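Everything below concerns the one structure shown next.
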Amino acid sequence: MKEFTTNIWSVDKESDSLTGHPQIIQASLWIKNNEVIAFPTETVYGLGGNAESDEAIEKIFAAKGRPSDNPLIVHISSLDQLEGLVAEIPKRAQMLMEAFWPGPLTLVLPKGEKVARRVTAGLSTVGVRMPDHPVALELISECGLPLAAPSANISGRPSPTTAQHVYEDLKGRIAGILDGGPTGVGVESTVVDCTSEKLTILRPGGVTKEQLEEVAGETAMDPGLVSPDTSAPKSPGMKYTHYAPNAPLYLVDGSPAFIQKLVDKEKAKGRKTGVLSCNEHTHLYQADTVIPCGSHDALESVAHHLYDALRAFNESEAEIIFSEVFPKKGMGTAIMNRLEKSAGGKIITE
């Protein structure tokens, strides 16, 4: 893999106009040359490359160390870019585009002839979304290309919500990073399969099941979210362990007192302990490292801070981490999906 001096280009997303911004133009030139660039979206930072070029897509997989059967999501800046990218747009997909684009919603549609073979990992479908971030939209527009863009991190690690996170993971592996400040939602987009008889969520995210059903009616959860199989994943985030800190993480479905007992047992063995906690409970724990991730009563704040909190454990001495759990409703569904992936399914029940 080619070694880079990774550039960091700062862009103020609050600027009156980003059209013709020199940093964005510089980044677009790299992409047009089939290199890959990290850029901010409203969810997490993405690692973007030309979605019509297998050469560029290979560089995304190499930089991340991503499994080859894990498909990528394509990002667009205008509906015109769907031409040739998808073969058809079902009515329900059109309804969801009108309601949630630009925004944290990926729609899985029949793929068109222009999408690079490696983007879809051999599937007959492609995931597409329009990000709700001015820097992302201007970059895609400046490139004049749809961009395939998974999260800009080493595969398996917590997704990046700041340019610094990207730099820590991918320094020397990519040509540059557009720094547009911290991201907003904090967890990736919801992925919805629009090709089956019933709309099906393949990955919960920034748009909730309840919001989808208000627009397009009954929406199912893919069985693979509960019992992942070994077949090729239909969406990013379905098959492999993701979002994991360096130390093993265990989810604990129990009271703070029960979690503290688990901490005490590990401390008695001489192990450094960590607890991932909601803001309201941090004072209840006597662990070596206690990191809050947002309010239990405002799950959007947990989603926003989750990856930053998981990464923070890598700066601690924690050798084992216990995490509180959250209700699986609304944004809590996405939060628990990410925590279950990051724990590799390890759950302790009181």
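The values are calculated or read from the model by the stated rules, or taken from the named source; none is laboratory data. The structure displayed is predicted, hence computed values, not measured ones. With ideal geometry, Cβ positions are generated from the backbone for all residues, glycine too; neighbour counts draw on all protein chains shown. Note: accessible area is taken over every heavy atom of the protein model, side chains too, but ligands, DNA and RNA are not part of it. Shrake-Rupley method; radii C 1.70, N 1.55, O 1.52, S 1.80 Å.
Tally Lys and Arg at +1 and Asp and Glu at -1 over the other residues with C-beta under 10 Å from the C-beta of residue 310: what net charge comes out? If you can, show how the numbers build up before the last one.
Numbers: positive: 157, 311, 338; negative: 308.
Neighbour charge sum, excluding residue 310 itself: +2.
Which percent of the accessible area of region 235-350 is formed by carbon and sulfur heavy atoms (probe 1.4 angstrom)?
50 percent
Computed FRET efficiency, Cβ-Cβ of residue 315 and residue 196, R0 51 Å: what is it to the nearest 0.05?
0.75
Which percent of the accessible heavy-atom area of region 1-126 goes to carbon and sulfur, probe 1.4 angstrom? Mind showing how you got there, number by number?
Working: 2540 of 5400 Å².
Its accessible area is 47 percent carbon and sulfur atoms.
Whole number in Å², please: accessible area per residue of the chain, 1.4 Å probe, ligands, DNA and RNA not counted.
Using a 1.4 Å probe on heavy atoms only, each residue of the chain averages 40 Å².
In nm, to one decimal, how far is the modelled label at residue 2 from the one at residue 79, with both set 7 Å along Cα→Cβ?
Going from the residue 2 label point to the residue 79 one covers 3.7 nm.
With charges set only on the Cβ (+1 for Lys and Arg, -1 for Asp and Glu), what does the dipole of region 141-199 come to about its Cα centre, in debye to the nearest 20?
Here region 141-199 has a charge dipole of around 160 debye.
Within the set of other residues whose C-beta is less than 12 Å from the C-beta of residue 213, count the net charge using Lys and Arg as +1 and Asp and Glu as -1. Each step should come with its number before you reach the end.
Numbers: positive: 92, 198, 209; negative: 210, 214, 218.
Overall, the nearby charge balance is 0.
Report, ordered by chain and residue number, the lysines lying within cross-link reach of residue 111, taken as a straight Cα distance under 29 Å and ignoring same-chain residues fewer than 8 apart.
Partners found: 32, 59, 64, 91, 198, 209, 234, 239, 341.
Under a straight-distance cross-link criterion of Cα-Cα below 16 Å, which aspartates and glutamates are reachable from residue 328, leaving out those fewer than 8 residues away in the same chain?
Once the sequence-local aspartates and glutamates are set aside, what remains near residue 328 is 210, 222, 253, 297, 300, 340.
Between residue 176 and residues 5 or more places away or on another chain, which pairs have amide H atoms under 5 Å apart, with H built 1.01 Å from N, and which residues are they?
Excluding prolines and chain starts, which carry no amide H, the hits are 7, 38.
Beta carbons within 10 angstrom, averaged per residue: use that to sort the peptides 182-192, 212-222, 59-69, highest first.
Per-residue Cβ counts within 10 Å, averaged per peptide and sorted highest first, yield 182-192, 59-69, 212-222.
Report, in whole Å, the centroid distance computed from the Cα atoms of region 83-154 and region 316-345.
Cα centroid of region 83-154 versus Cα centroid of region 316-345: 28 Å apart.
For the residue pair residue 19 and residue 215, what label-to-label distance in nm results when each label sits 7 Å from Cα along the Cα-to-beta-carbon direction?
2.7 nm
How large is the dipole of the chain about the Cα centre if only Lys and Arg carry +1 and Asp and Glu carry -1, each at its Cβ, rounded to the nearest 20 debye?
For this selection, approximately 1060 debye.
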